[in-house]
Amino acid sequence: MRNISFGARTGVLVLIGALLCARPMSAAEIKVVTSGAFTAAYLELVPEYERATHNKLVTEFGPSMGTTQNAIPIRLDRGETIDVVIMAAPALDGLIKQGKIRSGSRVDLVESLIGMAVKAGAPKPDISSVDALKRTLLAAKSIAYSDSASGVYLATELFPRLGIWDQIKSKTRKIEADPVGGVVANGEVEIGFQQISELRPVKGIDIVEVLPPGAQRVTVFAAGIPTTSKQPDAARALIQWLASPAAYPAIKKSGLKPAKSY
């Protein structure tokens, strides 16, 4: 169990023991669809959970928003069987209101910040203040953002609020379903914005820093149980574990902050 203190390790064992007592004797197969912000932490946690519970996590990936076929709302629109979704909380709340996520199943997992990246070795523009960020955006040759929570905020709220959207719109590019860091790394765009936890795993980029106060948007990512779930009890136990201190080291390592919502 890597990067976990003795106290946290003890807590993990106690919680896993409780989960083992609560679950049926036969192992469950739990289908999880997670958005990009939680992916790095989740992938580190999966093996430990599977070893401890003998449950099998079948994992797929998709953005919290957007219209691509693997976006979580689109998957649920077509009735896909999913036991756990992990996504931006505002989008999850919308799905709860639509009756596609079980009422009362939302559990906040992490808080996420938006960062900016450039190609590895490239000069790092100044974004230490709102004014500096504005100058950097105006000077950039090309700008990329995601089609999910961070990108929706940038394109519909921040850039217009800065009063520069009309000036930069023609040089912006929305990246659908793929990491923004990828198009920065290969030189397709000069600067890119996405959740820090989604930028960190991408090779070939340098993270400049997070957006400054006055421009930053803290996004909560939460888990919920779709109404199509065939394993709601196992799903609930998994979510409880992901929200527990057992997950904190992996969460912090990925650039996220535990939500401490339980």
> Just the accessible area per residue of the stretch 102-201, please: how many Å² with a 1.4 Å probe?
Replying inline: 45 Å²
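What's the longest piece of the chain with no exposed GluC sites (Glu not before Pro), counting a site as exposed if DSSP puts it in a loop and it has at most 16 other beta carbons within 10 Å?
Details: sites that count: E80, E176, E188.
Formally, the longest exposed-site-free interval is 81-175.
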> Which semi-axes, in whole Å and largest first, does the equivalent ellipsoid of the stretch 177-232 have when worked out from the alpha carbon gyration tensor as the square roots of 5 times its eigenvalues?
Replying inline: 29, 17, 9
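What is the extension gain from S128 to V210, computed as 0.36 nm multiplied by their sequence separation minus the C-alpha to C-alpha distance, in nm to one decimal?
Numbers: separation 82, 0.36 × 82 = 29.52 nm, distance 0.86 nm.
My answer for the length gained is 28.7 nm.
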> What are the residues whose amide H is under 5 Å from the amide H of A259, where those residues sit 5 or more places off or on another chain and H is modelled from the backbone?
Replying inline: V110, E111
> D108 accessible area, nearest 10 Å², 1.4 Å probe?
Replying inline: 40 Å²
> What is the distance in Å between the Cα centres of the stretch 38-70 and the stretch 153-189?
Replying inline: 27 Å
> With springs only between Cα atoms under 10 Å, which of F38, F159, F193 fluctuates most in a Gaussian network model of the chain?
Replying inline: F159
> What are the residues whose amide H is under 5 Å from the amide H of R173, where those residues sit 5 or more places off or on another chain and H is modelled from the backbone?
Replying inline: I143, A144, Y145
> Gain in length, D93 to E80, computed as 0.36 nm per residue apart minus the alpha-carbon separation, to one decimal in nm?
Replying inline: 2.8 nm
> Taking θ as phi - 60°, what are the ³J(HN,Hα) couplings along the stretch 27-34 by the Karplus curve (6.51, -1.76, 1.60), each to the nearest whole Hz, with x for Gly and Pro?
Replying inline: 5, 9, 9, 10, 8, 10, 10, 10
> Order of 94-104, 248-258 by packing, highest average Cβ count within 10 Å first?
Replying inline: 248-258, 94-104
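Translational diffusion coefficient, Stokes-Einstein: compute it for the chain using the Kirkwood radius over C-alpha pairs as Rh, at 25 °C and 0.890 mPa s, and state it as an integer in µm² s⁻¹. Numbers along the way, then the final one.
Details: Rh = 19.1 Å.
After rounding, the answer is 128 µm²/s.
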> How much of the accessible area of the stretch 116-262, in percent, comes from carbon and sulfur atoms when a 1.4 Å probe is used?
Replying inline: 50 percent
> Residue by residue, what Karplus-based ³J(HN,Hα) values in Hz, rounded to whole numbers, does the stretch 210-215 have, using 6.51, -1.76 and 1.60 with θ = phi - 60° and x for Gly and Pro?
Replying inline: 7, 4, x, x, x, 10
> Using the Kirkwood radius built from alpha carbon pairs, what does the Stokes-Einstein equation give as D for the stretch 203-262 at 20 °C and 1.002 mPa s, in µm² per second?
Replying inline: 150 µm²/s
> If you take the beta carbon distance between L138 and N70 as r and set R0 to 45 Å, what does 1/(1 + (r/R0)^6) give as a FRET efficiency, to the nearest 0.05?
Replying inline: 0.85
> Which residues in the stretch 198-224 have a backbone N closer than 20 Å to a point placed 7 Å from the Cα of K260 along the Cα-to-Cβ line?
Replying inline: 218-223
> In the full protein assembly as shown, how much of S229 is accessible to a 1.4 Å probe, in Å² to the nearest 10?
Replying inline: 10 Å²
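The values are calculated or read from the model by the stated rules, or taken from the named source; none is laboratory data. Remember, predicted model here, so these are calculated numbers, not experimental data. Because the Cβ atoms are built from the backbone with ideal geometry, glycine has one as well, and the counts that use them run over all protein chains shown. Note: accessible area is taken over every heavy atom of the protein model, side chains too, but ligands, DNA and RNA are not part of it. Shrake-Rupley method; radii C 1.70, N 1.55, O 1.52, S 1.80 Å.
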